[in-house]
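Trainee: Can you keep this structure in mind? I'll have questions shortly.
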Amino acid sequence: MLRLPFRIRAKSGVPWLAGRQRWWFVGRWLSSESSFVQEREEQKTKEEWKGAGRETLTTEETRKYRVETGEFKIAVVNSPTNLLKPRYARVNTLKMDVESALLEFKKQYDEVCQDAMVPDLLIFPPRTDLHDHPLVKSGSVFLQGKASCMVAVALGPKPRWEVIDACAAPGNKTVHLAALMKGNGKIIACELNKERVKRLKDTVKLAGATNVKVKHEDFLNMSPEDPVYSKVQAILLDPSCSGSGTAIDRLDHLLPSFTADSDVNRLEKLAAFQRKALEHALSFPAVERIVYSTCSINQVENEDVIKSVLPLASSYGFELTTIFPQWPRRGHPIFDGSQHVLRTDLIEDKEGFFIALFVRKGVRPPAKHTRDVGNTLRALQRRKKRKINSFFLIRTMGLFLKS
Ligand SMILES: C[S@@+](CC[C@H](N)C(=O)[O-])C[C@H]1O[C@@H](n2cnc3c(N)ncnc32)[C@H](O)[C@@H]1O
């Protein structure tokens, strides 16, 4: 039995889900395992895993154990740790260039610097409060975390493309896409919730993103066969999720409504929607790139969703593609290709995100008119075959009657 320094307890003090699926606090101890690192053989049987004492497991072994036993499926964040987060601010290059923003901020914040992976992102020391800064108020700079910014960069839209942001509000990633596309091309930003549509419109206006068309609609009702979407080349899908990767920030664990059981039901529903939305995105005929992201640390909303759509994705010619190869934290190894997807860690990176990118490399599925032509040809061939068959039947009958 593994001994954990942070045992998850419900308000009653009873360990959560004892006897059912074990839920583990994904915590500091996981990343501080390096002192246990020893040379050990990679492959173990499940029994060996179970027999191994916690003190003898390396970080990687602990991870493998948890993947094998399904303990990563749902992770629970219990206690707020002392997460001293650097502050991030993305320069809205539709309004200002990065160098000018850096110069402006340097006047007040000596330590500000540019992020190495996301070039339009600036890093400030923890606790820097930029909410009232004039550049933020004018929409020249957006307060947006690093992982959130990595999503649009991973999609990599080109300026003339048509792109769908499937679940768009409040619109941080939408306007980041607009900036990456230099205000050209077209972004269809879809949002189901009426109130959030307002927020989305405000964000778009503040950013000066004139190439964004906001749609108050259910993404699942947007037909891939509608000619309006026939030229869409990329889809950003950031569906509703549990938010467990940012739960510490939001102090969700302190809410009276935050219970294990309601969480399990909610997670099942969320995962079902996430999968449906991803399958829907895969069916758009001209789409070449789809990025899927969540701010959740649960395997059920991340790797499980990706794994479940892999056969469909491959039938459409899509493959998972490596994003940010220099980033060390990859997906849980529950399917071949999990190293292509990326995770950010709640403790190491101060927020837990998941990002996966599909790129269409193979054959496209037949477009509707091609399918129709195919069906007609097949029908003609069947008719011809029937005619030939009846000809031979009549001749055979004739010969038989003659004899
Ligand atoms: C995680 S948030 C998106 C955050 C956004 N990408 C950003 O970076 O600002 C998910 C959004 O999807 C919306 N949503 C949920 N189901 C949807 C659906 N079926 N169609 C369109 N939007 C949906 C939710 O209302 C919510 O605003």
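The values are calculated or read from the model by the stated rules, or taken from the named source; none is laboratory data. This structure is a prediction, so every number in the text was calculated from the model and none was measured. Positions of Cβ are generated from backbone atoms using ideal geometry, with glycine treated the same way; all protein chains shown enter the neighbour counts.
Trainee: Restricting to the stretch 301-327, and then to whatever is surrounded by fewer than 19 Cβ atoms within 10 Å (Cβ to Cβ) and small (Gly, Ala, Ser), can you tell me which residue is farthest from Glu268 (Cα to Cα)?
Mentor: So, considering only residues that are surrounded by fewer than 19 Cβ atoms within 10 Å (Cβ to Cβ) and small (Gly, Ala, Ser), the one farthest from Glu268 (Cα to Cα) is Gly317.
Trainee: Scan the stretch 197-219 and give yes if some residue there is closer than 20 Å to Leu357 by Cα and within 9 Å of the ligand (Cβ to nearest atom), otherwise no.
Mentor: yes
Trainee: Right, next: Could you list, in sequence order, the residues of the stretch 306-349 that are under 17 Å from Val153 (Cβ atoms), without any contact (Cβ under 8 Å) to a residue 60 or more places away in the chain and part of a loop (DSSP other than H, G, I, E, B)?
Mentor: Scanning the stretch 306-349 gives Thr321, Thr322, Pro325, Arg329, Val341.
Yes/no matrix, rows are residues, columns are (1) touching a His at 6+ places or on another chain (Cβ under 6 Å); (2) farther than 28 Å from Glu319 by Cβ; (3) at pLDDT below 95; (4) part of a helix (DSSP H, G or I):
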| residue | (1), (2), (3), (4) |
| --- | --- |
| Leu236 | no, no, no, no |
| Ser262 | no, yes, yes, yes |
| Leu270 | no, no, no, yes |
| Glu279 | no, no, no, yes |
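Trainee: Same structure again: Assuming Arg196 fulfils every condition listed in (1) assigned to a loop (DSSP other than H, G, I, E, B); (2) without any contact (Cβ under 8 Å) to a residue 60 or more places away in the chain apart from one, which condition is it?
Mentor: (1)
Trainee: Now for a different question. I'd like to know if the stretch 139-156 contains one or more residues that are surrounded by fewer than 21 Cβ atoms within 10 Å (Cβ to Cβ), in a loop (DSSP other than H, G, I, E, B) and of a type in the set (Ser, Thr, Tyr).
Mentor: No, the stretch 139-156 has no match at all.
Trainee: Between Arg330, Arg266, which is in contact with a Lys or Arg (Cβ under 7 Å, 6 or more places away or on another chain) and either buried (at least 23 other Cβ atoms within 10 Å of the Cβ) or of a type outside the set (Gly, Ala, Ser) (or both)?
Mentor: Arg330
This table checks each residue for (1) modelled with pLDDT of 95 or more; (2) small (Gly, Ala, Ser); (3) under 21 Å from the mean Cα position of the chain (by Cα).
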position	(1), (2), (3)
Ala152	yes, yes, yes
Lys173	yes, no, yes
His176	yes, no, yes
Gly185	yes, yes, no
Leu200	yes, no, yes
Gly208	yes, yes, no
Lys213	yes, no, no
Pro239	yes, no, yes
Ser244	no, yes, yes
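Trainee: Which one is farthest from the ligand (Cβ to nearest atom) among residues in the stretch 220-239 that are among the charged types (D, E, K, R) and over 24 Å from Ala147 (Cα atoms)?
Mentor: Filtering the stretch 220-239 for residues that are among the charged types (D, E, K, R) and over 24 Å from Ala147 (Cα atoms), the one farthest from the ligand (Cβ to nearest atom) comes out as Lys231.
Trainee: Still on this structure, please answer the following. One residue is enough: does the stretch 112-133 have a residue meeting the conditions within 16 Å of the ligand (Cβ to nearest atom) and among the aliphatic types (A, V, I, L, M)?
Mentor: Checked the stretch 112-133: at least one residue is within 16 Å of the ligand (Cβ to nearest atom) and among the aliphatic types (A, V, I, L, M).
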